[in-house]
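The next block holds one structure in the form of structure tokens; read it before the comments.
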Amino acid sequence: MKIASYQELKNWQKKCQNNKNYKINVLVCTGTSCLSSDSQTLVEMLESALESHNLQVEIKVIKTGCFGFCGQGPMIKIEPDEITYVKVKVEDIEDIVENHFLKNTTVKRLLYKEPGQTKLLEKSSEMQFYKKQMRVALRNCGEIDPENIEDYVLNDGYFALAKVLENYSPDEVIKIIKDSGLRGRGGGGFSTGLKWELTRKSPGNEKYLICNADEGDPGAFMDRSILEGDPHSVIEAMIIAGYAIGANNGLIYIRAEYALVTERLRRVITDARKYGLLGKDILGSGFDFDIEIKLGAGAFVCGEETALIRSMEGFRGEPDKKPPFPSQAGFRGKPSNVNNVETFANIPVIILNGAEWFAKIGTKKSKGTKVFSLVGQIRNIGLVEVPMGTTIKEMIYDIGGGHPEEREIKAIQIGGPSGGVITKEYFDTQIDYDSLVEMGAMMGSGGIIVMDEDTDMVQIAKFYLDFIQDESCGKCTPCRIGTKRMYEILERLVNMEGSPEDLNSLRTLGRIIKDTSLCGLGQTSANPVLSTMKYFPEEYEAYAYKTKKTKYSIDPKKCVGCTKCAKACPVECIEGKIREPHIINESECIACGSCYEVCPVNAVIKP
Amino acid sequence: MKLIDKMIQCSINNINVTVEKGTTILEAAKKVGIHIPTLCHLNLADFGVVNQNANCRVCVVENEKTHRLVPSCAEEVVDGMRIQTDSLKAVMGRRTNLELLLSNHPQDCLTCVKSLDCELQSLAHELNIKEIHYQGEKMNHPIDLTSFGITKDTNKCIMCRRCVTMCNDIQTVGVLSPLKRGFDSVVATAFHLDLAQTSCTYCGQCVSVCPTGALAEMNDSPKVWRALNNPRKHVIAQVAPAVRAAIGEEFGYDAGTILTGKVVSGLKRLGFDEIYDTNFGADLTIIEEATELVDRIQNNKTLPMLTSCCPAWVQFIEHQFPELLDVPSSCKSPQQMVGVLTKTYYAEKNNVDPKDIVMVSVMPCVAKKAEAAREELNKDGLSDVDYVVTTRELAKMLKEAAIDFKKLPDTNFDILLGESTGAAAIFGTTGGVIEAATRTAYEMITGKELKEVNFKQMRGIEGIREAKVKIDDLELNIGIAHGLGNARKLLEDIRDGKSDFHAIEIMACPGGCIGGGGQPYHRGDIEILKKRQKALYDLDKNMPKRKSHENEMVMKLYEDYLGSPGSHRAHELLHTSYSEKQRI
Amino acid sequence: MKNKIMDMSTLDKRLLKELDDYINSLDGDKQEHLILVLHKAQELFGYLPQNLQLYVARKLNLSSARVNGVVTFYSFFNEEPVGKYRISVCMGTACFVKGADKVLERVQDLLKIQKDRISEDGLFTINDVRCIGACGLAPVLTVNDKVYGKVKPNDVDDIIRYYRGLENENS
Ligand SMILES: Cc1cc2nc3c(=O)[nH]c(=O)nc-3n(C[C@H](O)[C@H](O)[C@H](O)COP(=O)(O)O)c2cc1C
Ligand code: SF4
Ligand code: SF4
Ligand code: SF4
Ligand code: SF4
Ligand code: SF4
Ligand code: SF4
Ligand code: SF4
Ligand code: SF4
Ligand code: FES
Ligand code: FES
Ligand code: FES
């Protein structure tokens, strides 16, 4: 069945509505995190249980993308009441079917409680985690069956496309996106509308529209969740963008690690074609557009747009000098527009709700919302979408729920390997493109790593640098050799073989690598080191002057003398009588950390 | 567009300069006399190569407005741009990147083949590097000494990729590529194979553009020294045409100074017993080749006929187009002809045991080393040519022997295989062989004297050229290609049956042998090649005899020894065969 | 001039045929699909030995140096055989701050091999990956497609024992 006009799309939506003859939706998260905790089995068990009670017509089990609150996964949400069960295990399914569906009572023990509180929360919207969030890019994630095009259409899917094709010229579309103030979510924060305009104006008939789904930032999974939970929105946005810039071919470059997502994308693309939403004469408008998927093969640098294009052409993913920019000469040497997945996910809503609506959200120069993956030493690990301008404090305490063991959070790292740290003194900073850069960090793709007082910042910097020099393409001198030298210096430092002079070398070298590298990877590679050096100089000095404590010790004021640590210590260097403070013989301690792990009152002090 | 629209204004170190749109900062700076150091950059635009991937980062300069450092070799000037080449930031950037390169480099200058020819070394000098502040792990790869032509010491590679551009884009052989990534990345052959196991043609073009000692010709001078010092050996030298037009550059002469007489004297002083001219072989080659061509045309045999005097090109067709092995002429190259004749004709005449003769050729070419080692050219334990030294190696030997080249007198070649014509002289440049062959073929076919010997259409420096020559009622279609990428195009046409040439001259090196892999380094200065080329044409012009078949000693050779051109004996000694080789 | 990489007789003919069919089925410029073809080849053969790379190069009319350059650029491609069980320890940031390095260390100690190597019995290979998108479960380790979340160094013993057990059952 081909949908050939706006009207036909409307009719289809109505028909979908009527098709929906079931009363209850059971949404089961099958995002990667929940899937890893066996949510697929939950689905199968639910389905067979419902069938055995002959409820399958009334109650429909829907596999959705990530709900966001992965730390509480696997989650199940039952609509229309919005009752949300958390940390559901296979054993719980029977209980849910018996009580919830047959007896109509909520299974209390599976409800969520805020930490330290006793009140059971039935609905996800009551949870602190969701309260300050605003889901724009993630609007459908966890709400619909991502592979069911009808579900998407029911949520006004493809209406933005129909609206565009029916009512707007390409220039008008570009104007709307420009007016909305949308900036690229892939890291750079370049105005999306402006980029489209540049590509549109580039001479040439053959143009390409590229979706960057490489998501290489280690510890970030925003794009994956969007593609997993709401792939049609990205497809729809790509068609709109193709129309705006004058491209008939779209490409999605996706990292090889995302095999499941790739399969899903292939399926939804086939579906969209079936309904005439991709291919020739889309929605009867005369506009042709189709999408091809290109696979990466494990190289972070391929997220950089010129490298990505090289990789799509079958070469080593080495960045090229800019200019020329992809908008001038990109894929196959033709003008190409590269946008990030999340950028695309925003497009359909902007079209439907208008530029003004979008521009009202956020701060003066950063409009709309941003999705972050909130991980590290934080209670509520997950995917979070907030309006630009939300403060870091709100992010980590209100939404994130603070430290899981109530320890002090000393800093966050934002922007991944290109970013930097922001220390607790600055947690009132509003998150937007410009204020982060001012702080020496950057938005990057939106990974936020929360670090507590135990985190060794030098080790963190070393971790990022290890990543960078591992992922450097090796083309240019400063990044190929410079980051290696920086890494060697850091390694020397943490092995207590360094010297104060090394700190100067790090700083100078870092600055020059930033200044002279060929691409964004090298140009930002020193950020994690430079920013931790700026905010935590004492941690570096402790290594450089070799005053760094390396052994564990016990805080006598906290120790309750439970003897657990003494039992755990593999070299038996902890002494103390029961119910009396214990003492570590530091000269024998091998810093294995076992005592730290077992102490019930956090009395052991990590070096 | 009006010219005025194409011109833009910028300032470099506060000096204003107006340049055409598309000019790089480097070029603009040059215009106002400001030198910016470069390393990876190489501009051979005349041959269609510009290595401009801007990866060494030792040419960075500061954009005053943005305070960003930009690579001057690749960044184009925009209107109103203000550049500082010597701000502290720019200088530090350049120095540090060079230091980083050096921190991953074996500092073997004293014993390095490239010493004093090395761009990395001179840059370290130019930037006044006195200390390398960052030390650490260095590359550690085995050195490849297995091939007959080229040594590859990957540890000296600075990843500029000039060689990759050369081998892939210009020569389309594609033996080299960057492998791995990050600090481990390296420019190498597939799977780090030895060059001898690959389809390398030994054209040596990678060597001629490599700024460091990472790629160099195999050093054969020790073997030559040994032979020269062996009293039982009769050591004979031959000198190729292109050598005499370039060797002077190693001694401070201008490019294109012809120094034949000094080369002969130099070789005499080194202790060679006889010194012959490869040009003699060239004249002989022409006679054999022209005979073959006329035979192929008149008897409807395989056409076109391709010249076969360039061994890199022969290697190329054996690896890349094995199905076309019947198109090259079966003639040996001049070097091999002179070689085989010293071990037969000369040996007989002078009563010397061929086994005691050591034939050393001085060549502009790296591939000649591999040619001399070919199985087909080493029969019965006797090789036509024993050792090949390049122009550069000969210059080094002369220096080593403390010979003051500039003060050497002029001496003539020894007579037996020493006479040559102008036709042979132009063998050293692209187009020369086929021009020489045409002169002889014309007279062979028509039996009339050729009045105008200068075939201007065949000259020049474009990659592929065509010429039509009227010979009575035959219109001879001639094709010329230099650089293997251009050769590939002509070969594809032949394979696809789209070629209507009778004869094609192919030279592997851009420019022909004057631009050979064993010549003094031109460092991207194309003018040097043009001067060498001109010198050879001048040489031809000033020769009393300009057609190969007018070479009296050659004709005497046929009379005394070979019989007629194309005779059985000539075939036995002067022709060879080709075999299919695997492509890797 | 004979060398090992030229010898393609060691490659399974049936799999080569499948690879050929796949290459023939690709639309457009085949050289542009090099990475896809390599994915397919690795899927079929388990890894990309030199002769297979050469085979692909010939098929796509590319130089083998170019193919090898691509293979060695991307971490997804293996030039060495891999074990039946591929243990990937996530070393993404979320996992790292939760002690993934300790987990990796433990795996290496237990199997007595370094990462990117194959264990003596040919059963296991270890490698590190950078975020598989299950950060909520950090630290994460995968064995082939199975994900293990919140892994403590000690859990590694059990996981490996489990797979060794599977083998013993089979044999
Ligand atoms: C080293 C490096 C890695 C990058 N990785 C990604 C990535 O994984 N995903 C992404 O969308 N953009 C990434 N980018 C940014 C892209 O180059 C490009 O700017 C972006 O895809 C443009 O889309 P946007 O304007 O919608 O943000 C990366 C940039 C650099 C320098
Ligand atoms: S900065 Fe690093 S990743 Fe970018 S081109 Fe240079 S070496 Fe490659
Ligand atoms: S860190 Fe390990 S060795 Fe040191 S005291 Fe604690 S348990 Fe003992
Ligand atoms: S485990 Fe903690 S509380 Fe118990 S004895 Fe050790 S330090 Fe004291
Ligand atoms: S390559 Fe150059 S810098 Fe390196 S050792 Fe040789 S001469 Fe010295
Ligand atoms: S330059 Fe220095 S190191 Fe080199 S030979 Fe002379 S004194 Fe020795
Ligand atoms: S000698 Fe010629 S063919 Fe061989 S690697 Fe160098 S450029 Fe390539
Ligand atoms: S071998 Fe020479 S030319 Fe090739 S990349 Fe290395 S330094 Fe450059
Ligand atoms: S063109 Fe001349 S120098 Fe170059 S490879 Fe051929 S014969 Fe040698
Ligand atoms: S994957 Fe299930 S909530 Fe994120
Ligand atoms: S010369 Fe400009 S970057 Fe190398
Ligand atoms: S960092 Fe390990 S799964 Fe994301």
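The values are calculated or read from the model by the stated rules, or taken from the named source; none is laboratory data. Quick caveat, the model's predicted, so the values are computed rather than measured. Cβ atoms come from the backbone with ideal geometry, glycine included; neighbour counts cover every protein chain shown. The area values use the complete protein model at the heavy-atom level, side chains included, leaving out ligands, DNA and RNA. Shrake-Rupley method; radii C 1.70, N 1.55, O 1.52, S 1.80 Å.
Answer yes or no: is there a residue in region A:277-290 that is surrounded by fewer than 23 Cβ atoms within 10 Å (Cβ to Cβ), within 12 Å of another protein chain (Cβ to nearest Cβ) and in contact (Cβ under 8 Å) with a residue 12 or more places away in the chain.
yes
How many residues are open to solvent by less than 60 Å² (accessible area, probe 1.4 Å) and not in a loop (DSSP other than H, G, I, E, B) if we restrict to region B:436-465?
So the count comes out to 12.
Which one of B:D144, B:D169, B:D108 is surrounded by 16 or more Cβ atoms within 10 Å (Cβ to Cβ) and within 16 Å of ligand 5 (Cβ to nearest atom)?
Exactly one residue qualifies, and that residue is B:D144.
Out of all the residues in region B:53-60, is one or more under 26 Å from the mean Cα position of the chain (by Cα) and open to solvent by 30 Å² or more (accessible area, probe 1.4 Å)?
So far as region B:53-60 goes, yes, one or more of its residues are under 26 Å from the mean Cα position of the chain (by Cα) and open to solvent by 30 Å² or more (accessible area, probe 1.4 Å).
For region A:301-326, give me each residue that is under 26 Å from the mean Cα position of the chain (by Cα), outside any helix (DSSP H, G or I) and more than 10 Å from chain C (Cβ to nearest Cβ).
A:E304, A:P319, A:P326
Answer yes or no as to whether B:P311 is touching a residue at least 40 places away in the same chain (Cβ under 8 Å), within 30 Å of C:Q50 (Cα to Cα), buried (at least 24 other Cβ atoms within 10 Å of the Cβ) and in the same structural domain as B:T429 (by TED's automatic domain parsing).
yes
So which of A:E206, A:E215 is open to solvent by 10 Å² or more (accessible area, probe 1.4 Å), under 12 Å from the mean Cα position of the chain (by Cα) and within 14 Å of chain C (Cβ to nearest Cβ)?
Testing whether each residue is open to solvent by 10 Å² or more (accessible area, probe 1.4 Å), under 12 Å from the mean Cα position of the chain (by Cα) and within 14 Å of chain C (Cβ to nearest Cβ) leaves just A:E215.
Does A:K462 satisfy the criteria of being outside the structural domain of A:C592 (by TED's automatic domain parsing), touching a Phe, Trp or Tyr at 6+ places or on another chain (Cβ under 6 Å) and free of Cβ contacts under 8 Å to residues at least 40 places away in the same chain?
Against the criterion (outside the structural domain of A:C592 (by TED's automatic domain parsing), touching a Phe, Trp or Tyr at 6+ places or on another chain (Cβ under 6 Å) and free of Cβ contacts under 8 Å to residues at least 40 places away in the same chain), A:K462 does not qualify.
Please identify the pairs in which a residue from region A:73-90 that is away from chain C (no Cβ under 14 Å) and within 16 Å of ligand 3 (Cβ to nearest atom) has its Cβ atom under 8 Å from the Cβ atom of a residue that is among the charged types (D, E, K, R) and part of a loop (DSSP other than H, G, I, E, B), counting only partners at least 6 apart or on another chain.
none
Within region B:39-52, which residues are open to solvent by 40 Å² or more (accessible area, probe 1.4 Å) and not in a helix (DSSP H, G or I)?
Selection gives B:N43, B:G48, B:V50, B:Q52.
Residues that are more than 14 Å from chain B (Cβ to nearest Cβ), more than 16 Å from ligand 5 (Cβ to nearest atom) and surrounded by 14 or more Cβ atoms within 10 Å (Cβ to Cβ): list the helices (runs of 4 or more DSSP H) wholly contained in region A:517-607 that include at least 3 such residues.
Because the criterion is at least 3 residues that are more than 14 Å from chain B (Cβ to nearest Cβ), more than 16 Å from ligand 5 (Cβ to nearest atom) and surrounded by 14 or more Cβ atoms within 10 Å (Cβ to Cβ), the helices (runs of 4 or more DSSP H) in region A:517-607 that meet it are A:527-535, A:537-544, A:564-568, A:594-598.
Do any residues in region B:263-275 that are farther than 17 Å from B:A242 by Cα have Cβ atoms under 6 Å from those of residues that are open to solvent by 20 Å² or more (accessible area, probe 1.4 Å) and aliphatic (A, V, I, L, M), where the two are at least six apart or on different chains, and which pairs are they?
Filtered contacts from region B:263-275: B:R269/B:I403; B:L270/B:A401; B:G271/B:L228.
Yes/no per residue for (1) within 14 Å of chain C (Cβ to nearest Cβ); (2) surrounded by fewer than 24 Cβ atoms within 10 Å (Cβ to Cβ); (3) more than 22 Å from the chain's Cα centre (by Cα); (4) part of a loop (DSSP other than H, G, I, E, B):
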{"site": "A:C211", "(1), (2), (3), (4)": "no, no, no, no"}
{"site": "A:D223", "(1), (2), (3), (4)": "yes, no, no, no"}
{"site": "A:I235", "(1), (2), (3), (4)": "no, no, no, no"}
{"site": "A:I240", "(1), (2), (3), (4)": "no, no, yes, no"}
{"site": "A:A256", "(1), (2), (3), (4)": "yes, yes, no, yes"}
{"site": "A:E263", "(1), (2), (3), (4)": "yes, yes, no, no"}
{"site": "A:R267", "(1), (2), (3), (4)": "no, yes, yes, no"}
{"site": "A:T270", "(1), (2), (3), (4)": "no, yes, yes, no"}
{"site": "A:R273", "(1), (2), (3), (4)": "no, yes, yes, no"}
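Every residue, every condition in (1) touching a residue at least 40 places away in the same chain (Cβ under 8 Å); (2) more than 22 Å from C:S88 (Cβ to Cβ); (3) within 10 Å of chain B (Cβ to nearest Cβ); (4) of a type in the set (G, A, S), yes or no:
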position	(1), (2), (3), (4)
C:D29	no, yes, no, no
C:L34	no, yes, no, no
C:A41	no, no, no, yes
C:L44	no, no, no, no
C:Q50	yes, yes, yes, no
C:N68	no, yes, yes, no
C:V71	no, no, yes, no
C:Y74	no, no, yes, no
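Take the residues of region B:181-221 that are more than 24 Å from B:C513 (Cα to Cα) and in a helix (DSSP H, G or I): which is farthest from the other protein chains (Cβ to nearest Cβ)?
Applying the filter and picking the extreme gives B:H192.
Six or more apart or on different chains, Cβ atoms under 9 Å: show the pairs whose first residue is in region A:547-571 and within 16 Å of ligand 7 (Cβ to nearest atom) and whose second is at pLDDT 95 or above and not aromatic (F, W, Y).
none
Could you grab the pairs with beta carbons closer than 8 Å, sequence gap of 6+ or different chains, first residue in region A:494-513 and charged (D, E, K, R), second one open to solvent by 50 Å² or more (accessible area, probe 1.4 Å)?
As it stands, the answer is A:D502/A:R492, since those pairs meet every condition given.
Looking at C:K115, is it at the interface with another protein chain (Cβ under 8 Å from one of its Cβ atoms), in contact (Cβ under 8 Å) with a residue 12 or more places away in the chain and either assigned to a loop (DSSP other than H, G, I, E, B) or open to solvent by 50 Å² or more (accessible area, probe 1.4 Å) (or both)?
no
If a residue must be part of a strand (DSSP E or B) and not aromatic (F, W, Y), how many such residues does region A:189-209 contain?
2
Would you kindly identify the strands (runs of 3 or more DSSP E) lying entirely within region A:341-430 that contain at least 3 residues that are more than 15 Å from the chain's Cα centre (by Cα) and of a type in the set (V, I, T)?
A:420-423
Suppose we filter region B:524-549 for residues that are at pLDDT below 95 and acidic (D, E); how many remain?
The total comes to 2.
Kindly indicate whether any position in region A:482-490 is assigned to a helix (DSSP H, G or I), more than 9 Å from chain B (Cβ to nearest Cβ) and surrounded by fewer than 20 Cβ atoms within 10 Å (Cβ to Cβ).
no
Tell me which residues, restricted to region A:431-466, are within 14 Å of chain B (Cβ to nearest Cβ) and crowded, with 24+ Cβ neighbours inside 10 Å.
If the condition is that a residue be within 14 Å of chain B (Cβ to nearest Cβ) and crowded, with 24+ Cβ neighbours inside 10 Å, then A:L465 is the only one that fits.
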